[in-house]
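S.K.: Questions regarding the structure given below will be posed in turn.
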Amino acid sequence: MRVRSAVVRVTAAVLAAGCLSACAEGAPAAPDRASSAGADRGASSGADRTASSAAGPGTSAAGPGTSAASARTDNSGGLSVTGGQTSGRNGRPPVAGGHPCSPSVSLDHYSDALDKTTFQGSFVGNLSALTRDTDGSLAALSDRSALIALDGRSHRPVRAAKISDEKGAALDAEGLAVEPDGTYLVSSEGEPAVRRFDRSHTLLGRLPLPGALRVAPAGRAQANQTFEGLTLGPGGGTLTAAMEGQLTGDGKDTAGRPLLRFQTWQRQGGGSRPAPYRLSRQYAYPADAGLGVSEIAALPDGRLLVLERGFTAGIGNTVRLYLADPRRASDVSGVAELPGGKAVRPARKKLLADLGACPSLGAPAHQPQANPLLDNIEGMAVTGRAPGGRLRLLLVSDDNESPKQITRLYSLTVRPGGR
């Protein structure tokens, strides 16, 4: 989602406590951010920060507030990083991992190597979604209508291509999933819509959509508050899209949390001619007051990782990672206005971490942040598994092509727990 004039009004006291209505779920309050932000001033990840000729004012590689490494863009347009691994402000080697944000989440490292870089003429930024691709790479989606492939290990760009709608116009692309055969599913929040593209980025069509989810006046959705998150379940049978904000007329749950709608599609079959996607159940998700859903990721057992995010001018971003369980949630596709009565059950959620409680690891920030590690985090991908049932998670922030924001990758280890 691009920068907007509307500012989420969340008080500084609430941000510091990291609680809001999550405490109503029995989730622990986040530790004091001032102490956690200074708890570890170690180095960033092993990937170095890169400066590009496309960077705007205030984004020079050697300027105040930037990381220590330098890099360049080579003549062929490929990203060439110099200087090896960066060292931190105190000269220590890069942090290898294991920095707790909560009992369920630890920060392994972060990288600013992609910030304000270009690859083969494409700006590597505005990244709003991230997912694993079938060839082992990571597919990153720019909300300026571009698909960028990142190497699965180094996270350096290896391919870039433009995508467009039925009339050849750019998309406000926000969500991304990849089918087992490599077909891309892209959600845009302008209409909204979910479109399918083949491996050559040719448009194949779009999925059916309930009328109420369309932007007003065609439906009840608010502009720039539609399909921000998209994920495909294991096997490719269930697709889920998350609305970033509420429909006009929808209300709150008993804890005072705004109820958002998550839409699903189902399809049967596989091989070369799978059945088309058909509209399936829709359920309510209780977002924290003042926050919206920026991304979702499906787990094998039907649960979801949900990223909630907000911004307050002068204070910075709030980013929380939740585990949501929609398996017993009511189908609200026929409910005109939420909450819809006592019989309607929203998805349940559990706070895994307020990322403002993570150690900053010496990360720079180009605008006020309670924790300088944070930025406008919009993309999330499960990249693998670790011992003990833990997951490897990669997050990416959307810099909105602004000198005040950073394209930053965050490597986390997450223990979802339970089933």
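S.K.: Assess whether Arg144 counts as being in a loop (DSSP other than H, G, I, E, B) and surrounded by 18 or more Cβ atoms within 10 Å (Cβ to Cβ).
M.R.: yes
S.K.: Quick check on Leu171: is it in contact (Cβ under 8 Å) with a residue 40 or more places away in the chain and of a type in the set (A, V, I, L, M, F, W, C)?
M.R.: no
S.K.: Do you know which residues across the range 150-170 are open to solvent by 10 Å² or more (accessible area, probe 1.4 Å), part of a strand (DSSP E or B) and among the hydrophobic types (A, V, I, L, M, F, W, C)?
M.R.: Val158, Ala160, Ala161
S.K.: Please count how many residues of the range 236-287 are at pLDDT below 95 and of a type in the set (A, V, I, L, M, F, W, C).
M.R.: 1
S.K.: Restricting attention to the range 207-214, does a residue exist that is assigned to a strand (DSSP E or B), touching a residue at least 40 places away in the same chain (Cβ under 8 Å), over 15 Å from the mean Cα position of the chain (by Cα) and surrounded by fewer than 19 Cβ atoms within 10 Å (Cβ to Cβ)?
M.R.: No, the range 207-214 contains no residue that is assigned to a strand (DSSP E or B), touching a residue at least 40 places away in the same chain (Cβ under 8 Å), over 15 Å from the mean Cα position of the chain (by Cα) and surrounded by fewer than 19 Cβ atoms within 10 Å (Cβ to Cβ).
S.K.: So, one more: Would the range 260-276 turn up any residue that is open to solvent by 40 Å² or more (accessible area, probe 1.4 Å), part of a strand (DSSP E or B) and among the charged types (D, E, K, R)?
M.R.: Taking every residue of the range 260-276 in turn, none turns out to be open to solvent by 40 Å² or more (accessible area, probe 1.4 Å), part of a strand (DSSP E or B) and among the charged types (D, E, K, R).
S.K.: So if I check each of Asp301, Asp250, Asp198, which one is more than 17 Å from Leu176 (Cβ to Cβ), of a type in the set (D, E, K, R) and touching a strand residue (DSSP E or B) at 6+ places or on another chain (Cβ under 8 Å)?
M.R.: Asp250
S.K.: I'm told Ala370 meets every condition in (1) open to solvent by less than 10 Å² (accessible area, probe 1.4 Å); (2) in contact with a Lys or Arg (Cβ under 7 Å, 6 or more places away or on another chain); (3) among the hydrophobic types (A, V, I, L, M, F, W, C); (4) not in a strand (DSSP E or B) except one. Can you identify the failing condition by its number?
M.R.: (1)
S.K.: Still on this structure, please answer the following. Inspect the range 325-342 for any residue being on the phi > 0 side of the Ramachandran plot and open to solvent by less than 10 Å² (accessible area, probe 1.4 Å) and give the result as yes or no.
M.R.: There is no residue in the range 325-342 that is on the phi > 0 side of the Ramachandran plot and open to solvent by less than 10 Å² (accessible area, probe 1.4 Å).
S.K.: Among the residues in the range 391-403, are any farther than 24 Å from Glu228 by Cβ and among the charged types (D, E, K, R)?
M.R.: Taking every residue of the range 391-403 in turn, none turns out to be farther than 24 Å from Glu228 by Cβ and among the charged types (D, E, K, R).
Let's see how each residue does on (1) in contact with a strand residue (DSSP E or B) (Cβ under 9 Å, 6 or more places away or on another chain); (2) assigned to a loop (DSSP other than H, G, I, E, B); (3) surrounded by 14 or more Cβ atoms within 10 Å (Cβ to Cβ):
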| residue | (1), (2), (3) |
| --- | --- |
| Gly190 | yes, yes, yes |
| Gly205 | yes, no, no |
| Leu239 | yes, no, yes |
| Gly290 | yes, yes, yes |
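S.K.: Take the residues in the range 331-363 that are within 20 Å of the chain's Cα centre (by Cα) and assigned to a loop (DSSP other than H, G, I, E, B), then tell me which one is nearest to Arg392 (Cα to Cα).
M.R.: By that ranking, first place goes to Cys358.
S.K.: Can you tell me which residue is modelled with the highest pLDDT among those in the range 394-419 that are over 17 Å from Leu150 (Cα atoms) and of a type in the set (Gly, Ala, Ser)?
M.R.: Ser402
The values are calculated or read from the model by the stated rules, or taken from the named source; none is laboratory data. This structure is a prediction, so every number in the text was calculated from the model and none was measured. Please note: Cβ atoms are built from the backbone with ideal geometry, for glycine as well, and neighbour counts cover all protein chains shown. Heads up: the accessible areas ignore ligands, DNA and RNA and are worked out on the full protein's heavy atoms, side chains in. Shrake-Rupley method; radii C 1.70, N 1.55, O 1.52, S 1.80 Å.
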